[in-house]
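Beneath this line is the structure, given in structure tokens, with notes to follow.
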Amino acid sequence: MDNIENIINELNPPQRKAVETTDGALLILAGAGTGKTRVLTTRLASILNRGLAAPHEVLSVTFTNKAAKEMAERVETLIGHPTSGMWLGTFHALSARMLRKHASLLGFKSDFIIVTTDDQLQVIKQLMAANGIDETRWPAKQTLSIFSGWKDNAWTPSDVPPAEAGSFAGGKGIALYEAYQARLKALNACDFGDLLLHVVTLLKTNPDLLERYQRQFKYILVDEYQDTNVVQYLWLRLLALGHKNICVVGDDDQSIYGWRGAQVGNILRFEEDFPGASVVRLEQNYRSTGHILKAASHLISHNGSRHSKTLWTEDSEGLPVEVVTVWDEQEEARGIVTEAEKHFKQGGTYSDCAILLRTAAQTRAFEEQFIKVGMPYVIIGGQKFYDRKEIRDALAYLRLTHTQVDDLAFERIVNVPKRGVGDATLKTLREISKMHNIPLFEATSRAVQDGTLSGKAQSALRGFVELINSWQESKSWQTDQLMERILEESGYLAMLKEDKNKEEAKGRIDNLKELVRSMQDYADISVYLEHIALVTDADADDNADAVRMMTVHAAKGLEFDTVFIPGFEEGLFPHQRSLDDTGTEGLEEERRLAYVAITRGRRRVVVSYASSRRLYGNYMPTSASRFLTELPDESIKKMAASNPSQRAWQPTHGDNWSPHKATKTPLLRPESDYVSKSDSDDGFGIGHKVFHDKFGYGRIRRKEGDGATLKVVVAFDKAGEKKLLASLANLKNV
């Protein structure tokens with residue numbers, strides 16, 4: 001008891017109020033680094049220690065099993081005895097516990113199984129086949145994703161709005177969902193989404209049971225409330241309408257999971273759901289210095305849909321947030337890696353440093369720089385760039401094009417995209433290969449010529465062989481251009497574009513674009529493949545002293561002495577896809593992401609943006625992120641590299657740097673690779689001889705427009721006359 005009282009006395013006034021306010025609904029708005037875990041744990045221990053409730057009369061919900069375990073351990077330490085009987089855990093764990101007690105009310109047995117993703121996909125595939133639904137058009141994985149989304153919305157088959165199902169599965173989507181649920185029930189099985197959906201159904205359809213649980217749970221505590229979805233919200237609301245002693249802890253400014261169903265509106269309307277609710281704001285930050293907090297608070301204040309709060313600290317102002325302009329993504333990577341090395345040489349550790357990325361595709365430039373200088377690094381919460389499936393598939397195509405004796409590459413991509421090459425066909429090809437002691441590709445060529453194969457496999461493999469042969473004849477092409485051709489002609493890009501899981505497919509396409517970009521400095525395939533082999537061979541121990549690299553989403557809840565946030569550019573951060581898909585809501589979630597990124601830093605935060613990024617051979621000008629204009633001048637320090645080869649960042653002076661001016665940054669190109677400027681200010685002289693990667697040799701006939709809209713009309717020797725946008729044409733001087 002004394003231990004708890006001592007801890008309560010050490011809390012700041014808002015924290016103490018949050019712990020001691022036990023009657024009625026309570027919303028604790030806990031800003032980043034304000035000690036919410038300590039408050040939540042102390043509040044729970046205090047309720048138990050004061051005898052306000054027995055352990056089994058408290059329902060405490062966390063978002064991860066790890067958080068639940070840590071909370072239980074802390075509470076037991078505070079009260080001095082086990083918390084056996086307390087309902088503490090994740091939504092899914094608590095739902096499973098409740099469902100097993102009352103499974104019979106829904107027609108299940110108490111020993112129901114919780115199926116894996118593989119099990120779910122198998123059931124869906126069987127049902128699709130039985131109902132004549134083409135899985136190639138409606139992939140099982142995408143179907144499962146749709147069903148999961150419906151369950152997150154608390155929709156049983158009878159609840160799904162017809163408009164929501166649309167033409168999915170040829171108009172059979174809802175019927176397929178109903179069949180899927182029936183099949184699981186017949187198997188005495190539930191999937192993860194069912195755990196909450198079934199409990200909501202159970203409570204809605206059994207008033208006596210609902211009243212029993214409402215009486216039992218005298219206190220409900222919920223962590224990370226801003227991340228709850230619809231079914232979680234309904235689950236909590238049903239149980240809380242008894243005593244109404246519900247305490248939710250969260251921060252609407254850190255709601256960054258809208259893409260997976262989280263509803264920031266749940267925390268924004270808490271006071272409407274529970275009239276008379278108390279609100280406590282935790283704003284004193286114990287993590288970051290003053291300038292970092294001022295920058296983050298000023299940025300997030302531009303969001304309209306939020307609870308007002310401002311982080312502050314008794315710590316020093318510290319270093320201002322550094323805003324760095326770099327030439328391109330390579331210079332950005334070199335500069336950040338150099339700064340990490342300086343930190344290490346000055347007595348810090350590599351693991352003090354984190355690079356927080358808006359997209360996983362940004363890792364490649366950094367990975368290559370880490371390998372180049374021999375600096376240890378780990379990627380948190382994701383695969384390394386070259387380990388991703390789509391990257392390995394693309395490189396397998398390139399390897400087989402380079403050398404047709406690569407059997408591993410052959411087996412990886414011979415049926416990717418699907419060409420109707422099944423196990424029986426592969427077995428035949430392996431037998432031919434073994435019999436004649438020849439590579440699988442050569443065995444395939446022979447089988448196609450001899451007519452050994454038949455039907456769809458014969459036709460598909462003939463086309464596959466012809467493609468590989470045609471690409472091999474083009475090995476003299478620039479590596480990136482050949483890779484583009486392979487991805488297009490193989491059908492790989494089309495496969496991704498047709499994938500019903502649009503979000504995942506777009507991410508994979510972004511990664512492939514980055515892969516192509518990485519090839520632009522390699523004219524020779526063999527040199528590039530050797531380079532890749534060396535990069536992918538490098539590895540680091542996750543527990544070693546190494547620079548941490550992760551997406552901002554993966555960084556939530558973490559903190560580091562030094563944080564680098566690259567790619568602060570329009571279209572990247574904020575991401576164009578978010579703006580296109582959800583407009584203002586998307587922009588506000590992007591701003592919350594930026595807020596989360598900045599508040600991960602304890603002592604130093606460095607934000608950078610490139611004046612240009614290279615795309616398919618061209619340096620494209622970029623615009624500085626609008627978020628840079630939303631950082632307060634008094635809390636930032638403007639930095640820049642004075643030339644492309646300079647690694648050190650230098651402060652800018654006067655008005656040399658401005659986010660507004662960044663949109664006017666000229667196209668940055670190595671002069672020697674492009675048309676000479678000797679006879680024209682814009683570099684495109686009439687009559688000048690040029691070479692285009694696709695159309696070959698030609699001469700410039702005339703020009704139209706100027707600046708970014710300049711078009712050149714070129715008469716090519718073989719392709720005829722073409723009008724090209726100068727900034728994208730990549731015309732080379734001959």
Three-way shape label, the stretch 9-53, alpha-carbon gyration tensor, a/c 1.5:
prolate
Quick one: Kirkwood hydrodynamic radius for the stretch 325-424, alpha-carbon pairs, angstrom, one decimal?
16.3
Helix 173-186 against the longest principal axis of the chain: what's the angle in degrees, Cα atoms only, rounded to the nearest 10?
60
Name the long-range amide H neighbours of residue 323: under 5 Å, sequence gap of 5 or more, or other chain; modelled H, no Pro or chain starts.
607, 637, 638, 639
Give me the distance between the Cα centres of the stretch 91-145 and the stretch 212-234, rounded to whole Å.
24
Any chance you could run the full-extension gain for residue 434 through residue 315? It's 0.36 nm times the residue separation minus the Cα-Cα distance, nm to one decimal.
35.7 nm
For residue 175 and residue 64, extending 7 Å from Cα along the Cα-Cβ vector and measuring point to point gives, in nm, a value of 4.4
Collect residues whose amide H, placed 1.01 Å from N in the peptide plane, falls under 5 Å from the amide H of residue 229; neighbours closer than 5 in sequence don't count.
263
For residue 442 and residue 136, what does the FRET efficiency come to when R0 = 25 Å and r is the distance between their Cβ atoms, rounded to the nearest 0.05?
0.25
Helix 207-216 axis, angle to the chain major axis (alpha carbon atoms, nearest 10°)
80
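Just add up the charged neighbours of residue 180: K/R +1, D/E -1, any other residue whose Cβ is under 13 Å from the Cβ of residue 180. All intermediate terms of the calculation are to be shown ahead of the outcome.
On the way: positive: 125, 151, 172, 183, 185; negative: 119, 178, 191, 194.
Result for the local shell: +1.
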In degrees between 0 and 90, to the nearest 10, how far off the longest principal axis of the chain does helix 389-402 point, with axes built from Cα atoms?
20
Give the calculated FRET efficiency between residue 269 and residue 105 to the nearest 0.05, with a Förster radius of 30 Å applied to their Cβ-Cβ distance.
0.45
What distance in nm lies between label points placed 7 Å from Cα along the C-beta direction at residue 427 and residue 97?
5.1
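Relative contact order of the stretch 119-179, please, whole-number percent, based on alpha carbon pairs below 8 angstrom and at least 6 residues apart. Walk me through the numbers before you get to the answer.
On the way: 33 pairs, mean separation 20.6, N = 61.
Averaging sequence separation for qualifying contacts and normalising by length gives 34 percent for the stretch 119-179.
Filter 125/204; 101/204; 384/502; 125/434; 17/309; 294/638 down to the pairs with a C-alpha to C-alpha distance above 25 Å, please. Please list the in-between numbers first.
On the way: 125/204 32 Å; 101/204 16 Å; 384/502 22 Å; 125/434 35 Å; 17/309 17 Å; 294/638 16 Å.
Pairs exceeding the cut-off: 125/204; 125/434.
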Explain nothing, just compute: Karplus ³J(HN,Hα) = 6.51 cos²θ - 1.76 cosθ + 1.60, θ = phi - 60°, for every residue of the stretch 286-295 in order, whole Hz, x for Gly and Pro.
10, 10, 10, 7, x, 5, 4, 5, 5, 5
Residues with amide H under 5 Å from that of residue 190, placed H, sequence gap 5 or more:
113, 114, 115
Approximate spin-label separation residue 73-residue 581, in nm, with each point projected 7 Å along Cα-to-Cβ:
3.6
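Please work out the average accessible area per residue across the chain, using the 1.4 Å probe convention, and give it in Å². Write out the running numbers ahead of the final one.
Details: 32220 Å² over 734 residues.
Here the per-residue accessible area is 44 Å².
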How large is ³J(HN,Hα) for each residue in the stretch 141-153, as worked out from phi by the Karplus curve 6.51 cos²θ - 1.76 cosθ + 1.60 (θ = phi - 60°), to whole Hz, x for Gly and Pro?
5, 5, 4, 4, 4, 5, 4, 5, x, 5, 5, 4, 8
Based on the Cβ-Cβ distance from residue 462 to residue 158, what FRET efficiency comes out when R0 is 45 Å, to the nearest 0.05?
0.35
Karplus-derived 3J(HN,Hα) from phi for the stretch 251-262 (6.51 cos²θ - 1.76 cosθ + 1.60, θ = phi - 60°), whole Hz, x at Gly and Pro, runs 9, 4, 6, 10, 7, 10, 10, x, 5, 10, x, 4
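Ignoring any ligand, DNA or RNA, what whole percent of the accessible area of the stretch 358-506 comes from carbon and sulfur when the probe is 1.4 angstrom? Present the calculation step by step, with values, prior to reporting the outcome.
Details: 3350 of 6900 Å².
Answer for the stretch 358-506: carbon and sulfur cover 49 percent of the accessible area.
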Residues of the stretch 349-393 with amide N under 17 Å of a point placed 7 Å along Cα→Cβ from residue 513
358-365, 390-391
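The values are calculated or read from the model by the stated rules, or taken from the named source; none is laboratory data. Worth saying up front: this structure is predicted, and the values here are computed from it rather than measured. Glycine also receives a Cβ, built like all others from the backbone with ideal geometry; neighbour counts cover every protein chain displayed. Heavy atoms of the whole protein, side chains included, go into the accessibility calculation; ligands, DNA and RNA do not. Shrake-Rupley method; radii C 1.70, N 1.55, O 1.52, S 1.80 Å.
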